[in-house]
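Working notes, beginning with the structure itself.
Read the figures in this text as sums done on the coordinates, not as results from a lab. Please read these numbers as outputs of a predicted model, since none were measured by experiment. A quick note on method: Cβ atoms are made from the backbone with ideal geometry, for glycine too, and the neighbour counts reach across all protein chains shown.
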Amino acid sequence: MKKIFLSVTLFCLLSIIFVPFLATAAFVQCGNGTPIYDASGSCTSNCPCGICDFFKMLSTIYSFIVWDIAMPLAIIAIVIGGIMMMISAGNPDLMGKGKTMLKTAIIGLVLVLGSWIIINLVLTAIGYKDISTWSSFSINCTTP
């Protein structure tokens, strides 16, 4: 019963923290409303979605997962693991739990940040050459 209460409480606290991030994350940035065209016939605002916009959406989702979800959770886990190690006061069980939490958080962080290498490899293999920095992908869509 104590584990269920702790799990529900943790879920509620994390929901309070992350729901505002989800509400402000604009994953789809095209096709919102009636398209507006200029005199030459090219779309200037609220343009319909295309294949390039799909890849922009994937890039936005990736950045959201890495920087807004994984990083804060990893930092929280590292801090909690460090606190558990500091307050163990010679208790080997608590020290072991703290070390395990710290090690697991660092491994998870390395895996999440290492996912960029996989994405970079796939994008390079399909011919995308315009990767700006190691932490983000800038995909520029042009309307026909």
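Brief remarks on what is shown
- Gain on full stretching of the segment that runs from ILE87 to ASN32 - 0.36 nm per residue minus C-alpha separation: 14.6 nm
- Simple spin-label estimate for ILE80 and ILE17 gives 0.8 nm between the two label positions (7 Å along the Cα-to-Cβ direction from each Cα).
- Put simply, the amide H of CYS49, placed in the peptide plane, has neighbours under 5 Å in GLY31, leaving out anything fewer than 5 places away on its chain.
- Long-range HN-HN contacts of TYR37 with modeled amide H, under 5 Å: THR44
- Cut-off 11 Å (backbone N to label point 7 Å along Cα→Cβ of ASN120), residues of segment 59-75: none
- Charge dipole (segment 2-125, unit charges on Cβ, about Cα centre) - positive-most of THR100, VAL28, ILE51: THR100
- Using the average count of surrounding beta-carbon atoms within 10 Å as a protection proxy, the listed peptides 39-49, 107-117 rank, highest first, as 107-117, 39-49.
- Counting only Cα atoms, the size of segment 56-125 along its three principal axes is 52, 21, 11 Å, in decreasing order.
- Estimated vicinal HN-Hα couplings, Hz - segment 46-60 in sequence order (Karplus 6.51, -1.76, 1.60; Gly, Pro = x): 6, 6, x, 6, x, 5, 5, 5, 4, 6, 5, 5, 4, 5, 5
- P(r) histogram, all alpha-carbon pairs of segment 2-125 included - 5 Å bins from 0, percent: 2, 9, 11, 13, 15, 13, 10, 8, 6, 4, 3, 2, 1, 1, 0, 0
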